[in-house]
1. Once amide H atoms are placed 1.01 Å from N in the peptide plane, what residues at a sequence separation of 5 or more from B:Phe85, or on another chain, have their amide H within under 5 Å of its amide H?
2. Could you list, in their original order, any pairs among A:Lys112/A:Lys254; A:Lys98/A:Lys250; A:Lys109/B:Lys150; A:Lys43/A:Lys199; A:Lys31/A:Lys98 whose Cα atoms are separated by more than 26 Å?
3. If you take each beta carbon of peptide B:106-114 and count the beta carbons of other chains within 10 angstrom, what is the mean?
4. May I ask you to evaluate 6.51 cos²θ - 1.76 cosθ + 1.60, the Karplus curve with θ = phi - 60°, for each residue of segment A:60-68 and list the ³J(HN,Hα) values in order in whole Hz, giving x for glycine and proline?
5. For chain B, list the DSSP H helices whose alpha carbon atoms reach 24 Å or more along the long axis and whose average Kyte-Doolittle value is 0.5 or above?
6. Remind me, relative contact order of chain B in percent, using alpha carbon pairs under 8 angstrom and six or more residues apart?
7. Apply the Karplus curve 6.51 cos²θ - 1.76 cosθ + 1.60, θ = phi - 60°, to the phi angles in segment B:50-56 and return the couplings in whole Hz, x for Gly and Pro.
8. Can you give me the convex hull volume of the Cα atoms of chain B, divided per residue and expressed in Å³?
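Derivation of every value follows stated rules applied to the coordinates shown; laboratory data play no part. Given the structure is predicted, the values throughout are model-derived calculations rather than measurements. Don't worry about glycine lacking a Cβ; one is built from the backbone with ideal geometry, like all the others, and counts go over all protein chains shown.
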Amino acid sequence: MKRSGISILTAFVISLFYAALLSACASGTTKHATSVVDYLFPKTKDPIVTPGIPVLSLPLRVGIAFVPPPAGRDLRSGRLSSGFTPFQGGGDLALTEKRKTDLMLEVAKNFKKYPFVKNIEIIPSAYLTPGGSFANLDQMRTMLELDVIVLLSYDQVQFTDQTLSFTYWTMAGPLVVPAQNNDTHTMLDAVVYDIASRKMLFRAPGTSLINGSSMLVDQSQELRADGDRGFSEAAVSMISNLDGQLALFKEKLKERPEEFQVVRTPAYIARSGGGGGGSLDSVMLLLFIGLGAGFLWLKGRR
Amino acid sequence: MVKGPPLTAPRLPGWTLIIAAITLIVFFFPALGNLLIYDRAAIIHGEIWRLLSGNLVHFSLAHLLYNLVAWLIAGTIIELYGYRFFPVLILSSSILIGITLYILEPELYFYAGLSGVVSAAVAYLCLQGMGEKGVLRWLCAAALTGLIAKTVIEIRAGSSFMLLLHEEDFVPVPLSHLAGIVTAILLFSLLRVTPRLRQPAR
C-alpha cells in the first residue's frame, strides 16, 4: 500500500516534469491574429443574424478594413488554438497601421479594375471598434456611403524551436497546417459583406509559408523579416484568390437570381463599356457660354 | 427669321426648366434611369419610348452638369427671346436622335445624354440669331460653323475632344449632336418656307 502510494507520487512528479518540458518546448511560438468571427459575432449568446436578400446596385461603393482584435485582448498573451502559450507576441507590431494601409491599397488596386466598383474607401483601423459587429459596419456605411465592405483579418504564426501543427480559424472553419523549425505561416483572409443585408457575398484566403534557417544570434531580425515577407506573399495569394472567387460569385449571381438582386445603373452601363453618351466637352461648353453672353449683351442694349 | 416680340418683361423659361427638372429627377433615381435609358435590346422588344427618353438619362454627375449648364444657357435664351416652336424642337430632335442612333449605330447598345438636344437648341438659337442685327449675327454664324465643323470632325475621326481631354470614361457619340443640328436646320427651314408659321408669337 505504501509502495503503491510512492509509485503514484513518483508518477505525478514525472508527469509534472514532462508537462513543464512540453510547455517549454512549445513556447517558441509567436502568434499575431485578428478574426472576422470575433469582430462580427462577439457575443455567442446573441441571436443569430439572419441575412436578407442583397440588392447590389452597380457600380458599388466598396470599403476595405482590417478587423480589430477583440476588446480587452492583449495580443502579447494570446493563445494558440492548439492551447500552447506563446513566449513572445508583439500584438499589432507585426502589422503596423502603415503596413495595413499598404496591403489594403494592394487589394484596392486590384478591385479598381472592375467596372462594377465605383470607388474604394480605405478605412483606418481606428474607425472599427473591437467586437463592433454589424452596428459598427452600419456606422461605416452611413459615414463613408458604402455598399459593400471587404473585411481583412490575419493570422501569423512563427515557430522557433519545435515541430508542431497548428490551426487557423477561418470563416469557413479550421485549417490545420503542419509546422517546422523557424517557419513563418501567414494567412490573410478577405471576407466580402453586403452591409445592408448582412450577407456574406464571398471570401478568399491567401496563405504563405516561409521556411526560416536563421542562427540564434540573428533570429529576431530574421523572424521579423520573414513575418513581413509572409504578409506580402499572403496578400499576393489572397488577391489571386479574390479574382477566382469573384468569377465564381458572378456565376452564382446568374445561377441563383433569387438570392441576389442586381441593379445595373446607367453609370455602370457606361463604365462597363456597353454604351455611349451624348455629352458636351469643355470646348463646346465654352462656345455655348460665349454665345449666351453675346445674346445677353444684346438684350441689355435693347 | 421667325422673330419673337420685343424684350419688355423677362419671361420664365418654362420648357427649359421642365426638361432640366426631369433630367435631375431621372439622375437621382437610378431605377427611373434604367426604365428610360436608350437600350437597344429593350427597344427591339417594344419599349420604343426609350428612343426618346434616353436623352433624359445621364451616366455621371459630370455628364449631367455639362449638359445641364449648356441646356440652361441655350434654352433660357431661346425662351427669353421668344423664338417660337421650341417645344416642337425638343420633341422632334429627341425622336430624330433616337431613330438616327438606332439605324446608323447598330452596335450601340445603350445611349444616354441630353447633348444631342442641346446641340439642336444651340443650332436653332444660332440660326435665329443670324437674323438679328449687328455683331450678334456674326457671332451666331461663327458659333454655328464651329459647332458643325467640330461635330463633323469628331464623326470622321471616330473620336472626340472629350476623349482627348479625358473628361469622361464612356464613349462619346457625336452622331447624336449631328442629328440634333440637322433637326434644328430642318425645323428652321420649314418655318422659313411656310409663311403661315412665320407669324411672330404674342
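1. Residues meeting the amide H criterion: none.
2. In this structure, A:Lys98/A:Lys250; A:Lys109/B:Lys150 lie more than 26 Å apart at Cα.
3. Values: counts 0, 1, 3, 5, 10, 5, 9, 8, 4.
That average works out to 5.
4. Values, residue by residue: 8, 9, 10, x, 10, 8, 8, 6, x Hz.
5. Details: long enough: B:61-80 (27 Å, 1.62); B:86-104 (26 Å, 2.22); B:135-157 (33 Å, 1.28); B:174-193 (29 Å, 1.73).
What comes out of the filter, once short or polar helices are dropped, is B:61-80, B:86-104, B:135-157, B:174-193.
6. Worked out over chain B, it gives 28 percent.
7. 5, 4, 8, 6, x, 5, 8
8. Normalising the Cα hull of chain B by residue number yields 128 Å³.
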